[in-house]
Amino acid sequence: MIIRKLFKFENAHVVRGCSTQRCRASIHGHSYRVEVLLESQYLDNGQMIYDFGLMKQGMKELIDAFDHAVALWDGDDAEYIADMQKHSNRWILLPISPSCEQFSRVIFVMLDKLLWFTKTVNGEKMVRISSIIVHETETGYAQCFREDAYSELMGLIDLEKIIFSDEIREGWHDPLLWERVKSGEGFTNPETV
């Protein structure tokens, strides 16, 4: 069975090298919608796959990190990156270009690692991400499956190279959230939310 939770964020980016002149040459923004689809063949003590309230914890915080931020590709012009970091309190430095496709992949890998190291307390079993869908516009989206998220053909995503600005990290309930995810430190879901 698959369940779906929708998240939203506003983000600015430039996608260098793409075909559309406006997209590759000018900073611009989108109202993103992110669908997180979880799957399992088991139900928890509440007869659910995974309580939606639990998804409002670390998963929501990591997705919300992109809200009202500028997404920067570490392969872009160093002067551009420095200027964006200087003039924006909320930025994310990524080891991939911030296209819709790559957003779906990076969000998949981030949440997959978080979920993998989360200890559940309400009988959840074998819950995993089925796919991540990132809607960049009303008419366009990218959907990432596990084989896409970890595809060598598309380039492996190095979580160590994802850097969140101080303001983003300070807004989390745990400012070390991202460090804990990267290190594989275990999380325990709360008994109640």
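The single condition from (1) in a helix (DSSP H, G or I); (2) farther than 22 Å from Arg180 by Cβ that Gly53 fails is (2). How about the range 27-62: which of its residues are hydroxyl-bearing (Ser, Thr, Tyr) and loosely packed, with under 15 Cβ neighbours inside 10 Å? Listed by number, the residues that qualify are Ser31, Tyr42. Among the conditions (1) polar (S, T, N, Q); (2) outside any helix (DSSP H, G or I); (3) crowded, with 17+ Cβ neighbours inside 10 Å, the only one that Ser104 does not satisfy is (2).
Quick one: count up the residues across the range 63-87 that are among the acidic types (Asp, Glu) and surrounded by 14 or more Cβ atoms within 10 Å (Cβ to Cβ). Working first, answer last.
Initially, the range 63-87 is screened for residues among the acidic types (Asp, Glu), giving 64, 67, 74, 76-77, 79, 83.
Now drop any that are not surrounded by 14 or more Cβ atoms within 10 Å (Cβ to Cβ), which leaves 64, 67, 74, 76.
Number of matching residues: 4.
Within the range 5-26, the set of residues being modelled with pLDDT under 95, loosely packed, with under 13 Cβ neighbours inside 10 Å and among the hydrophobic types (A, V, I, L, M, F, W, C) comprises Ala25 only.
Which one is surrounded by the most Cβ atoms within 10 Å (Cβ to Cβ), of the residues in the range 127-153 that are among the β-branched types (Val, Ile, Thr) and under 23 Å from Tyr42 (Cβ atoms)?
Let us first name the residues in the range 127-153 that are among the β-branched types (Val, Ile, Thr), namely 127, 129, 132-134, 137, 139.
Cutting the leftovers down to under 23 Å from Tyr42 (Cβ atoms) gives us 127, 129, 132.
Values: Val127: 19, Ile129: 22, Ile132: 27.
Filtering first and then ranking leaves Ile132.
A residue that is at pLDDT 95 or above, farther than 20 Å from Gln143 by Cα and of a type in the set (Asp, Glu) can be found somewhere in the range 83-104.
So is Met110 at pLDDT 95 or above and not in a loop (DSSP other than H, G, I, E, B) or not? It is true that Met110 is at pLDDT 95 or above and not in a loop (DSSP other than H, G, I, E, B).
Answer with yes or no whether Val134 is part of a strand (DSSP E or B) and within 24 Å of Glu10 (Cα to Cα). Answer is yes for this residue. Can you work out which of the residues in the range 1-22 that are touching a Ser or Thr at 6+ places or on another chain (Cβ under 8 Å) and assigned to a loop (DSSP other than H, G, I, E, B) is farthest from Ser99 (Cα to Cα)? That would be Met1.
The values are calculated or read from the model by the stated rules, or taken from the named source; none is laboratory data. Quantities reported herein were computed from a predicted structural model and do not represent experimental measurements. Glycine also receives a Cβ, built like all others from the backbone with ideal geometry; neighbour counts cover every protein chain displayed.
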